[in-house]
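Encoded as C-alpha cells, the structure appears first; notes follow it.
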Amino acid sequence: MDTYQSTSEVPDPPVAAVGYAGVLRELLPIALWREDADGRVVEWSLAAQDLLGHRPEDILGRPGTAVLVPEANRELADQLTRRVQAGETVVGTLPVRHRDGHRVAMEMWIVPAADPQGRRGAMLIAVETSEVLHMRDSLAALQSLFTQSPIGLGTLGPDLRFLRVNDALAHMNGVSAAEHLGRRLTEVVPGVNATALEAMMQQVLDRGTAVVDVRRTGRTPADPEHDRTWSCSYAPLLDGSGRRLGLIASLIDITEGQRAQADAERARHRFALLAEAGTRIGTTLDLRQTAQEIVDVLVPQLADSADVQLLEAVLGPDEGAVAAASTRGLMRRLAAAFPDPGAPTAKLVAGQTFRIPADSVYEQVIAEGRPMNLYASDVPALITDPRAGPLRGYLATLGSARLVPLVARGTVLGAVAVTRVRDREPFDEEDRVLIDELVARAALNIDNARMYTRQRQAALTLQRSLTNSALPEVTGLELTGRYLPASDHDVGGDWFDVIQLPGGRTGLVIGDVMGHGVHAAAVMGQLRTAVRTLARLDVPPERMLRSLDAVVADLGEDEMATCVYAVHDPATGGCVIARAGHPPPAVAAADGTITFLDGPPGTPLGTGGQDFRTEEVPLPPGSLLVLYTDGLIEARDRDLDEGMDRLAQALRGVRQPLEELCDGILESLLPRAPQDDVAVLLARTLPV
C-alpha cells in the first residue's frame, strides 16, 4: 500500500511484493495511517488522502486527534487511545473530520503498533462506511439477480469464456451451469449461430459499448426438436478505472411472444383479406368475371392455385328432366390460376368440362355440401382419364389441398379447389376457416351473377321475340330502325313497331317503358301486343293512347311508359300523330329543312292523365319522319336542347340512303356506348 511517512521515521520497505494486490484497493479504498505514542501522525497513505482530503505535508507530525476527531468525540478518542496503548485492538464506526470540515463515517480497526522509537503507538485502518454499505448492497443485488431472475444471465471474461451463469441461462441452453464455466459459447451451444454471436460480443469488448436486443434463433439441448428465439443483450464489464474485465450477457426467451405476434399478424392479414374480398369479388354481375375475381383474391395471398368450377346443371336453363339427367355430375371450369410452371396448364384452362367421378371425395363434397381436405391418395380416383397422366402426377406432388363447395341459398352450385405446393406451409386450421369463409361469401356473388345472367338471357329472348327484326314493306314508305341496349348486361323496355292498317295506311309506334330487365321487357311486350290488337281494329291515335294508359295502369301503380303512335295515309300524303309524354318526332323536308313537332305532348302512360290529342303533319314525297326514344338525345354531358340540335345536324343529309342516314345519326349522337336504351324508327315518304 502506497503511504507517506515523516522523513525521519520511515520504516524499511518490504523486501519483495508477491502477486497483484490491487483488486481490493480498486473496489474498496482503505485509508491507513499510524500515530506514535504521543498521538502524532507519522504515516499517511494515499487512500487516506483521497478519502479525507489531508495532504501528507499538512498532517504528518501533527496530533491526529486534533486534526481528525470532531470535538464532540474527543473524550471517546482519548479512551480508545488508552485502550490501544494498553494492547487492545478496537473496532468500530467512528466519524472522521474531512479537510473541508464535513464528517466522514468510517469503519475503523485501531491496533497497537510500535512507533519508530519502539514505543507503543497505533495503526489505524479505515474504510468509508457508505462505500462498504454500497458494496454490500451491490453484491446482494447481484447475487439475487443471478439466483432469482427469470432472465438468463452470464458473465464472460475477455477471452469470451464463461465465468458465471445463472440457472435460467443454464435451463435455456440445456447445459448445466458447471458445464458452462471456462468454455466458449461455440463449445456450449453451437446450434444457435454461436459464431456470429461471439463476433458481436467481441465487438462489445473492443468498442466498450452495449448491444441490446439481438435476436437469435436455433435449437439447444433444452428443446432439440423445435426452433426457439431469444432476445440477447451484451454490455461490457468495467472496473473503477474503466478497464474492461469482460462482459455480461442477458437473454430473454421470446419464442411465445414471437409466435403470438406472428399469430396476430396472420389474423390481421386474414381480416384484411376478408375485407379485400368484399371489395374485389362481385364488382360486376358477369358470371365468369366473378369467378376470376375469386381466383385473384385466393392466389397467391392464401393459396398457390385456385380452380372455380360450376355444375353444368346450374349454368344452363332448366329444360326438363332429360336435360337435367344429361348434365348430372358435369362440371365446367369458369376460372383457374396455376402459376406453378410445372402445372400442365393445357388441362386446366377455363371453359373445360369434366364429369365428377362416382364414389369419390369430389362427389361427396358436392352431395353433402361440406368442405374436405384432399390428399395424394385421392388423386387417382378424381382423375381416371388415362390421357391425364401428367395432371394426375402433378396433383400428387402438391403439399396440401382443399375442396370447398359453393353453396348459396341452400343450393350447391359447384366447388372451389385450392392447393399449396410442398415448399409452403400446409393449410392450418385458421387457413381452412378463412378459405371456407371466402368461398361461402363468393358463392352468394356467384349465385347473384348466375341468376342475373339467366334473367338477362330470358329478357333478351323475350325482347328478341317481341321486337321486329325485319320491318314490313308498306305502301308509300321506306322504313328502317335500330335498337341499341345500354349494355351487354342489361335490357330495357324501348321498342318500335310498324303495323299495316286497312286502306293502305301504316301505323308507326315507338315507346319506352320505365326500368330495365325482364319486367320492363315483359311490360313492353304487353304494350306491343295491345297496340297491334287495337291497330287492327282501326283505333285512331288519341283513343289508342287512352287504351294503352289503361293497360299500363292495370299493371300496377308504379308502372309508367311513354309512347308515340302515328298513322300515315299515302292517299292524303299526311300523318296523324299522338304523343304520351314522349320526345317530339323530327321531320326532315326534302329541301333539308328540319322541324320538331310542337303539338300536344300528352302525359306518360300509366299516370291517368288521359289528355291525349292529335297533330296532323303533311309529309310530301321525300320527307322523313324520325321517331326516337330519349336515350338518343339525352346524356349526362348534354341537355335535351343540345341533343335535339345534334340530331337536327345529323339529319342534314336527308337525301342519303336510309340505312346510311340511320347509321350516321347513331354515330353522331352516340360516339360512345349509350347510357340508356335507344330505339330509332325512320320513315321516308315515297311517290305514290
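Some observations on this one:
- Rounded FRET efficiency, nearest 0.05, which uses the C-beta distance separating ASP436 from ALA235 and R0 of 45 Å: 0.30
- Were the residues from GLU425 through ASN448 laid out at 0.36 nm apart, the gain over their Cα-Cα distance would be 4.9 nm.
- Note on ALA37 and ARG543: their simple-model spin labels are 16.2 nm apart, each label 7 Å out from Cα toward Cβ.
- Residue-by-residue Karplus 3J(HN,Hα) for region 560-569, coefficients 6.51, -1.76, 1.60, Hz, glycine and proline x: 7, 8, 10, 7, 10, 10, 10, 10, 9, 10
- The overall shape of region 537-636, judged from the alpha-carbon gyration tensor, is oblate: a/c is not under 1.5, and a/b is no greater than b/c.
- Sequentially through region 93-105, phi angles give Karplus couplings (6.51, -1.76, 1.60; θ = phi - 60°) of 9, 9, x, 10, 7, 6, 4, 8, x, 7, 8, 10, 6 Hz, Gly and Pro residues having no value and appearing as x.
- C-alpha center-to-center spacing [region 231-280, region 611-638] in angstrom: 77
- At a probe radius of 1.4 angstrom, the accessible area of region 539-621 per residue rounds to 42 square angstrom.
- Across region 501-553, the mean sequence separation of Cα contacts (distance under 8 Å, 6 or more residues apart), normalised by length, yields a relative contact order of 36 percent.
- Cβ-Cβ FRET estimate between GLN457 and ARG355, R0 fixed at 35 Å, reported to 0.05: 0.90
- The phi-based Karplus calculation (6.51 cos²θ - 1.76 cosθ + 1.60; θ = phi - 60°) puts the 3J(HN,Hα) values of region 629-645 at 9, 5, x, 6, 9, 9, 7, 5, 9, 7, 8, 5, 4, 5, x, 5, 4 Hz, whole numbers, x for Gly and Pro.
- Amide H contacts for HIS54 (H built 1.01 Å from N in the peptide plane; partners 5 or more residues away or on another chain; cut-off under 5 Å): ARG99.
- Förster-model FRET efficiency, 51 Å R0, ARG672 and GLU225, C-beta, rounded to 0.05: 0.15
- Estimated inter-spin distance, GLN202 and SER130, nm [label 7 Å along Cα→Cβ]: 4.3
- Residues whose placed amide H lies under 5 Å from that of LEU237, excluding near-sequence neighbours: LEU245, GLY246, LEU247, ILE248
- Full-stretch length increase - ASP591, ARG120 - with 0.36 nm per residue and alpha-carbon distance subtracted: 154.5 nm
- Across region 94-125, the residues whose backbone nitrogen lies under 16 Å from the label position 7 Å along the beta-carbon direction of GLN79 are 94-95.
- With every protein chain in place and a 1.4 angstrom probe, the accessible-area ranking of ARG280, ARG672, largest first, reads ARG672, ARG280.
- Extension gain, ALA272 to THR572: 0.36 nm times the residue separation minus the Cα-Cα distance gives 100.6 nm.
- Accessible surface, region 228-278, averaged per residue in Å² (probe 1.4 Å): 53
- Heavy-atom accessible area with a 1.4 Å probe sorts LEU181, LEU545, largest first, into LEU181, LEU545.
The values are calculated or read from the model by the stated rules, or taken from the named source; none is laboratory data. These numbers were taken from a predicted model, which means no experiment stands behind them. Positions of Cβ are backbone-derived with ideal geometry, glycine not excepted, and every protein chain shown enters the neighbour counts. For accessibility, only protein heavy atoms count, side chains too; no ligands or nucleic acids. Shrake-Rupley method; radii C 1.70, N 1.55, O 1.52, S 1.80 Å.
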